[in-house]
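Chemist: Quick one: structure below, then a few questions.
The values are calculated or read from the model by the stated rules, or taken from the named source; none is laboratory data. Given the structure is predicted, the values throughout are model-derived calculations rather than measurements. Reconstructed Cβ throughout: ideal geometry from the backbone, glycine too, with neighbour counts over all protein chains shown.
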Amino acid sequence: MKQTHSKIRPLFISLSVFLFLSLTGCWSSHEIEEQSLGIGLAFDKGKQSSIEKKLNEQGGGYSKRNLITATYQFITPLVASSTTKQAGPQQKSYVNVSESGDSFHQMVREISLRSEQPVTAHHMKVVVISESLAKSYKLEQLLDQNFRESEVRPSCLVLISKGRASKTLETKKAGEIPAFRLAGIVENAYRSTRILPPMSHIKVESKIKSGSSFLLQNVLSANGQVKFAGAAVIDGKTHKMTGFLNEEELEGVTWITGKGKGGVVKSFYKETGQLIVYEIETMKSRIIPRVKGNNISFDVNIESVGRLSENWVLSGNTFKNEFLKKAEKSSEKEVKRLVRNVLEKMQKEYKVDVAGFGNRLRIENPKVWKKVKKDWDQTFSETPINYNVKLTINDYGTSGGSKK
Amino acid sequence: MKEWISKIGKKGKVTNNDKLEATTSQDTTGQFTDNFILNLEMVKQEIGHNWDVHFREFNLGRTGIRSIIIFVDGLSDKDLIDKHIMPSLMVDFSAEYKQDLPYLKGGISKEFIKNEVLSISEVEEVRSIKEFTSKVLTGSTALIMDGSLNALILGTTKLKTRTIEEPVSEALVRGPRVGFTESLSDNTSFLRGSGEIENLSLVKFQVGKRSKKDLVVAYIKDIVDPELVQEVENRIKKIDMDSVPESGYVEQLIEDNYLSPFPQVQNTERPDRVIAALMEGRVAILLDGTPFALIAPVTLSMMLQSPEDYYERWIPGTFIRMLRYLAAILALFTPSLYIAFISFHSGMIPTKLAISIIGTRSGVPFPALIEALFMEISIEILREAGLRLPKPIGPAMGIVGGLIIGEAAVQAGIVSPVLVIVVALTAISSFSIPQYSAGFTIRILRFPAMLCAATFGLYGVILFFLFMASHLVKLKSFGVPFLSPAVPYRLSEWKDLMVRMPLMMMKRRPKMMHTKNPIRKG
């Protein structure tokens, strides 16, 4: 009988361990429905909201300077339950709360004084920074808290807004969630060359840390609607925004980098001045640095295959190769115009390299790069750049030309 | 393992000696004599009070020699007694014999009866009353004759067999529709009868101190590792129990680790499964009175395999087997992952799903653990209730209970609809495990997994998994590592672990069985 006791002892020990485990309770457990999901964030120049003002009048507030207004977009359990009900959303399916202050982290924590469900940032989709803020503060300071904290995912997008950033997180459509809308538009890059490849926190951080200039997608808002329009240029030295590229200039950048996945090129047929639209199927670009002594130059070879998607030229017979060749030429000319346009802007006006020329040089000629990288943007602005564009139309859709 | 054997050994010895002494002292008094009246009195004393024991007195072969047959109503074959025993004993004996009678002094030669009168196959002589009663009470007919020192035991046991049915607990779509029955001789005949298996050995043992039962250890002599047979036989000999009603008793008394939640002996109703195991060099144990045979040693992978894997072509076989592995993992971990994600890692759920989960859970008053426990326990109760109910009501009960409780609980806001999906998925997955006993293991382990998840989140689930894995790595079944061939790692045998490779590729028997004859084919 003694032996059975000694066998049973481990059973009791393990049982008591289990019981003690359950006594410890649930460490760091936060039920999902006791939290608000933060999904979007907008940074603006400080401007207190009317609610904040009223609260402050009654004696709220702490010692701070109202330099920045952060607008948090989140989904509270209440909102979530009303949107998931069968009847469909009747009211807004998100909540925006603005807080003014000087420390981002302090502002987030203020929200837990105002709402029973604190905000978590795991699901943060976009951070929109207003132009005025991006021009006066360094980007690494604005995003420092996000970089530092593990809650905000490195995949969270960064956008710039020319107007008030908080307006881009508003909508008038019932059921629409503005932060998802912004994150969703980025996915449409296969439809337009005017959308930059997504710039996530991790990419922004790497650009900042390496000191190179880069672009951030710009978003405009009006009346609860938004539009992606052009890009903001962030200077690699100051880490501040220096200017804008408009939509066409952004297209030019996309052609130079070859990162576009789709989109159209509109051009006019030389002989008749009528419209021809070329749709991109694939796009490829090679930037080749040429180093001769101290002289650096670049060749850009752009190649693209696509289809003729719209043709207003009445005399144009798509069954005939000559016409297709001419159509290709006409589109190539347009692409060249776009590229020339943006190169001029980059080299002459902003004097920054945001199309990755420096990166190619670093890869192919590291020794030269070491010498020039310190003042690369300046060097770049004086570098001659040659470009070649070759478009191929391999398809003209299900309609040909009239038989003559 | 060694510890175990020595312990049982010690215990067994002591009690054996005690009982032996007791029986021998009785034996000296309980012997038949040549006095018919005394013998009869002794028998009546021993078993005469039983209403089902019948005594039939008559005169032998019209000679005036008194004799009696004793049998148990129902156990003995009355037909046989009436048609072959009684007539031959009661007709006139041949004239020559009658002439010799005077020399026998009113008694009768049992040799004569045995050799010339009784026309049945099994005849045995017994001397001790102990043996006599045990024979009679198991269905033999006893014949006591005046002047004869020994009683004759005639084999008239009527085997109560039922028709062979498809195994209930292990149904297959493709494969033999034959299941073991409660009769040991039927079961051994299934093994013998399914193709002439060379060197199939069926070794008989008796288990149970008070109610003795036959137990057969089956193996194929030129395949099996002799040490394994030795070990199994040793453990069976050490069984020291009053009675062994079912093979589950044997299983529990010979297994390696009784604290483990994992069964270390497999039970099956399928003769084909037993034969497949024998061919791999395993040992089967069949017990009289139960349709469940035991197979030892087992590995974890055997719990998730079904004979059908081999009967179907290898592609569907592999697919179904992988599916079963997935189902086992789902059945074990889905509720705990649900708890971990809901209570700890809301950031790991895709955003849109997170929103809809928040939406459906916002009215639920309980934390995820209570919610999940509530549903899991009620589904287990439903399952148990479904088993106990009469057959026609059982399935209806499952549907009614499952659907209505689930739906009502959601309506009442006690649980979230997502949890109902989780629980349903868990239940369905656990049904797909081909072994009922293995399914039990998973159903039970689910609960500690849920507690771990509720305490530490995903970290707890991983801890639980590590805990379980370390136990499994240590566990052995009759000297064979429970996780083999995964641990210890034998890549060549992974052909039959998670996938089921074509039969022509499985040329060797499992190495872990240390078979005498390792080649299966070619």
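Chemist: With the requirement that a residue be in a helix (DSSP H, G or I) and either on the phi > 0 side of the Ramachandran plot or charged (D, E, K, R) (or both), what does segment A:166-188 give you?
Modeler: A:Lys167, A:Arg181, A:Glu187
Chemist: If you check A:Ser399, A:Ser309, which single one turns out to be surrounded by fewer than 14 Cβ atoms within 10 Å (Cβ to Cβ) and hydroxyl-bearing (Ser, Thr, Tyr)? Working first, answer last.
Modeler: Working: A:Ser309 fails: surrounded by fewer than 14 Cβ atoms within 10 Å (Cβ to Cβ).
That would be A:Ser399, the only listed residue that is surrounded by fewer than 14 Cβ atoms within 10 Å (Cβ to Cβ) and hydroxyl-bearing (Ser, Thr, Tyr).
Chemist: Do we have any residue at all in segment A:64-76 that's modelled with pLDDT under 85 and out of contact with any Leu (no Cβ under 6 Å at 6 or more places or on another chain)?
Modeler: From segment A:64-76, those modelled with pLDDT under 85 are none; that's our starting set.
No, segment A:64-76 has no match at all.
Chemist: Just to confirm my filter: which helices (runs of 4 or more DSSP H) fall fully inside segment A:331-404 and include at least 1 residues that are in contact with an Asp or Glu (Cβ under 7 Å, 6 or more places away or on another chain)?
Modeler: On the way: elements: A:357-364, A:366-372, A:376-381.
Here the list reads A:376-381.
Chemist: Could I ask something else about it? Hey, among the residues in segment B:333-353 that are more than 9 Å from every other protein chain (Cβ to nearest Cβ), in contact (Cβ under 8 Å) with a residue 60 or more places away in the chain and not β-branched (Val, Ile, Thr), which one's farthest from B:Met498 (Cα to Cα)?
Modeler: Residue satisfying both the conditions and the ranking: B:Ala340.
Chemist: What number of residues within segment B:354-381 satisfy the criterion of being more than 10 Å from every other protein chain (Cβ to nearest Cβ), hydrophobic (A, V, I, L, M, F, W, C) and in contact (Cβ under 8 Å) with a residue 24 or more places away in the chain?
Modeler: Result for segment B:354-381: 5.
Chemist: Shifting gears a bit: Mind telling me which of the residues B:Gly139, B:Gly179, B:Gly195, B:Gly175 ends up being part of a loop (DSSP other than H, G, I, E, B) and either in contact with a Leu (Cβ under 8 Å, 6 or more places away or on another chain) or hydrophobic (A, V, I, L, M, F, W, C) (or both)?
Modeler: Unique residue meeting the criteria: B:Gly139.
Chemist: Another question about this same structure. Any idea which of (1) under 15 Å from the mean Cα position of the chain (by Cα); (2) not in a helix (DSSP H, G or I) is the one B:Leu253 doesn't satisfy?
Modeler: Every condition holds for B:Leu253 apart from (2).
Chemist: Please specify each residue of segment B:391-447 satisfying the condition of being in contact with an Asp or Glu (Cβ under 9 Å, 6 or more places away or on another chain) and of a type in the set (Lys, Arg).
Modeler: Of everything in segment B:391-447, those that are in contact with an Asp or Glu (Cβ under 9 Å, 6 or more places away or on another chain) and of a type in the set (Lys, Arg) turn out to be B:Arg443, B:Arg446.
Chemist: While we're looking at this one, here's another question. Would you check if there is a residue in segment A:333-350 being surrounded by fewer than 21 Cβ atoms within 10 Å (Cβ to Cβ), under 30 Å from A:Ser399 (Cα atoms) and over 30 Å from the mean Cα position of the chain (by Cα)?
Modeler: No, segment A:333-350 has no match at all.
Chemist: Could you check segment B:207-246 and list, in sequence order, the residues that are part of a strand (DSSP E or B) and surrounded by fewer than 14 Cβ atoms within 10 Å (Cβ to Cβ)?
Modeler: B:Ser211, B:Ser243
Chemist: Also: Of the conditions (1) closer than 20 Å to A:Glu247 by Cα; (2) modelled with pLDDT under 95; (3) among the aliphatic types (A, V, I, L, M), A:Leu159 satisfies every one except a single condition; which number is it?
Modeler: All conditions pass for A:Leu159, except number (2).
Chemist: Let me ask another. Of everything in segment A:356-378, what is crowded, with 18+ Cβ neighbours inside 10 Å and in contact with a strand residue (DSSP E or B) (Cβ under 8 Å, 6 or more places away or on another chain)? Give them in sequence order. Spell out how you get there, then give the answer.
Modeler: First pass over segment A:356-378, keeping only residues crowded, with 18+ Cβ neighbours inside 10 Å: A:356-358, A:361-362, A:369, A:372, A:376-377.
Residues satisfying the conditions are A:Gly356, A:Phe357, A:Leu361, A:Val372.
Chemist: While we're on this one: Residues that are part of a helix (DSSP H, G or I), within 14 Å of chain A (Cβ to nearest Cβ) and among the aliphatic types (A, V, I, L, M): does segment B:309-332 have at least one? Steps first, please.
Modeler: Residues of segment B:309-332 that are part of a helix (DSSP H, G or I), as a first pass: B:309-311, B:314-332.
Now narrow it down to the ones that are within 14 Å of chain A (Cβ to nearest Cβ): none.
The answer is no, given that none of the residues of segment B:309-332 is part of a helix (DSSP H, G or I), within 14 Å of chain A (Cβ to nearest Cβ) and among the aliphatic types (A, V, I, L, M).
Yes/no per residue for (1) assigned by TED's automatic domain parsing to the domain that holds B:Ser336; (2) of a type outside the set (Asp, Glu); (3) buried (at least 18 other Cβ atoms within 10 Å of the Cβ):
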residue	(1), (2), (3)
B:Leu463	yes, yes, no
B:Ser477	yes, yes, yes
B:Ser492	no, yes, no
B:Thr515	no, yes, yes
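Chemist: Does A:Gly273 qualify as being more than 17 Å from the chain's Cα centre (by Cα) and not assigned by TED's automatic domain parsing to the domain that holds A:Ile302? Please lay out each step first, then the result.
Modeler: Values: more than 17 Å from the chain's Cα centre (by Cα): yes; not assigned by TED's automatic domain parsing to the domain that holds A:Ile302: no.
Against the criterion (more than 17 Å from the chain's Cα centre (by Cα) and not assigned by TED's automatic domain parsing to the domain that holds A:Ile302), A:Gly273 does not qualify.
Matching residues to (1) small (Gly, Ala, Ser); (2) within 30 Å of B:Asn199 (Cβ to Cβ); (3) not in a loop (DSSP other than H, G, I, E, B):
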position	(1), (2), (3)
B:Arg443	no, no, yes
B:Ala449	yes, no, yes
B:Thr455	no, no, yes
B:Ile462	no, no, yes
B:Val473	no, no, yes
B:Ala486	yes, no, no
B:Lys495	no, yes, yes
B:Met498	no, no, no
B:Thr515	no, yes, no
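Chemist: Tell me which residues, restricted to segment A:139-190, are within 22 Å of A:Ser82 (Cβ to Cβ), within 14 Å of chain B (Cβ to nearest Cβ) and among the acidic types (Asp, Glu).
Modeler: The answer is A:Glu176, and nothing else.
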